[in-house]
Amino acid sequence: MTTVETSEQPGAVPLAGRREWVGLAVLLLPLLLVSMDVSVLYFAVPFIGRALEPTGTQQLWILDMYGFVLSGLLIVMGALGDRIGRRRLLLVGAAMFGGASLVAAYAHNAETLIAARALLGVGGAALMPSTLALIRTMFLDPKQRGTAIAIWTAVMTGGISLGPILSGVLVEHFWWGSIFLINVPAMAFLLFLVPVFVPRHRGLARGPFDLIGAVLSLGTLLPVVYGIKEIARSGAATLPVLSIGFGLIVGALFVRRQLTATHPLLDLELLRMRAFGGSVVANVLSMFAIVGFAIFTTQYLQSVLGMSPLRAALWSLVPSGAVAVATPVATVLARRMDRVWVMCGGFVLAAGGFTVLAGARPDSPLVLLLGGSAVYAAGVVAVMTQVTEMAMGVAPADRAASASAVLESGSELGGALGMALLGTIGDAVYHRAMADTAPSGPARETLGGAQAVAAHLPEDSGRALVDSAREAFCDGMNSAAIGAVVVMMVAAVYCARFLRGVPVANGGGVSVEDGVGSRSEADSGLGDRAAVGSGEASQVR
């Protein structure tokens, strides 16, 4: 089958046919694998430790290298996709991801595995913005695009949940390298299917690639994400604080560069558009909650309720059922009312789920944890679906990959902030609760530390220490849940206050919906830019 050039011409908006929907299914394959790779190492770490004998520092880099490189390169790869074509970048990313997976599967030492994880991050950074940008190109009708983006969001969040399950099953029946080897045939399959079912997209961005901006982008995101993750893991030590400070300084230089460069890497005018800039903020707050709290539910299932890792991972899939229902429901509601109210309702629903979790104790029924998690996950994912559709609906077609990369960079940053801030709240409450129960040392630091210490104590003393540690952990989890409630309610107020009447991309300019003043986005000089290459009657409600 011959591939076709896609373009968006003024006039009637063409509806996507069977080929586009098959193409969407093809695009979901790399998205699923890239999102799974974020969490696929959770159960494999002990097996990797026995096989490769990494040092403590090397083990941390094995875990974190993929996420660091992925987050650092998203903006760079998004801009590159706008220049060389998104399908071409998708194919390059698939080849690199498959090759790096093969190297990782047969790594004979920790250094090789760390390098392979870095290459996986490069491949993943090429794949993720390309998939969402191609959806923007393939589905011009707003309703069809909304459905496609809802499916995209569900697969992305589902992949993160499926990663530990796949890891547990594979390492139980095969060797640890199988968690990477499974990517190879999938990527080979992708290289065959993409040219057949995904339309060829010609790079629309013009001018030389901003290499200085790319270096500054890396110098901003990598130190900030590293610093936040280290603070979440070990507290506010000197090095991570300095790392964040350095990243912020480089970030200021990056912004200055983008404002003055003739052909900037990132068009900052996008962030000045309420629909896009507001969507990025809402996306950061969404990921803050869903990623930041995940570590508490995982530890609760394993360390408080005493489940095995695989059993805990299987139970953690239960909330995915609520997500599967919430995503299409939110999409349907957004077609019947202002989507901002759907977003506000999603944040309020998430706050309700966190309120339930604020009451979880060691003897609480399992249904309380699963129910609360299902409610907050459904609310947050409903928001993420609308945020993505709103942002991509107003993003110029020639900047779709860059716009996608900015959204996904916000996701990485929001997740890192959630782990750091909610984790800090939980740790602080745990330390205070254990101050009079355990001496300074591992038992006062973490629940896992208390269980390790208890194993060397007499039975009665050990049981008392573990019981106290479980109560203290629940105190910390409850406090973190209350913090998440506050953030979700602030997010709901933010959406209601700042995103009502967001711009409408109507093919000839950008206006504001009736009911919230009469100011036009074009008044700030953004109307023509938002409409570049769009030419569709895409209403962002």
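Every read-out reported here was derived from the displayed coordinates using simple, explicitly stated rules and does not represent laboratory data. As the structure is a prediction and not an experimental result, all values here were calculated from the model. Here Cβ is always computed from backbone atoms with ideal geometry, including for glycine, and neighbour counts include all displayed protein chains.
Taking the alpha carbon gyration tensor of segment 271-402, multiplying each eigenvalue by 5 and rooting it gives semi-axes of 32, 15, 12 Å, largest first.
Computed over segment 439-489, the percent of Cα pairs more than 13 Å apart is 58.
All C-alpha pair distances within segment 218-342, sorted into 5 Å bins from zero, spread as 2, 8, 10, 13, 15, 13, 13, 14, 8, 3, 1, 0 percent across the bins.
Within the shell of other residues whose beta carbon sits under 13 angstrom from the beta carbon of residue 305, the net charge comes to +2, with Lys and Arg scored +1 and Asp and Glu -1. Segment residue 252..residue 175, full-extension length gain: 23.1 nm, with 0.36 nm per residue of separation and the alpha-carbon distance subtracted.
When you have a sec, figure out the Kirkwood radius of segment 290-346 from all distinct Cα pair distances and drop it here in Å to one decimal?
13.3
Descending by average beta-carbon neighbour count within 10 Å, the peptides 254-262, 289-297 line up as 289-297, 254-262, the highest first. Take the Cβ atoms of residue 496 and residue 260, set R0 to 41 Å, and the FRET efficiency comes out at 0.70.
For segment 342-383, backbone nitrogen atoms closer than 20 Å to the point 7 Å from residue 436 Cα along Cα-to-C-beta are found at 362.
For an R0 of 45 angstrom, estimate the FRET efficiency from the Cβ-Cβ distance between residue 268 and residue 464 and round to the nearest 0.05. In this case the efficiency is close to 0.20.
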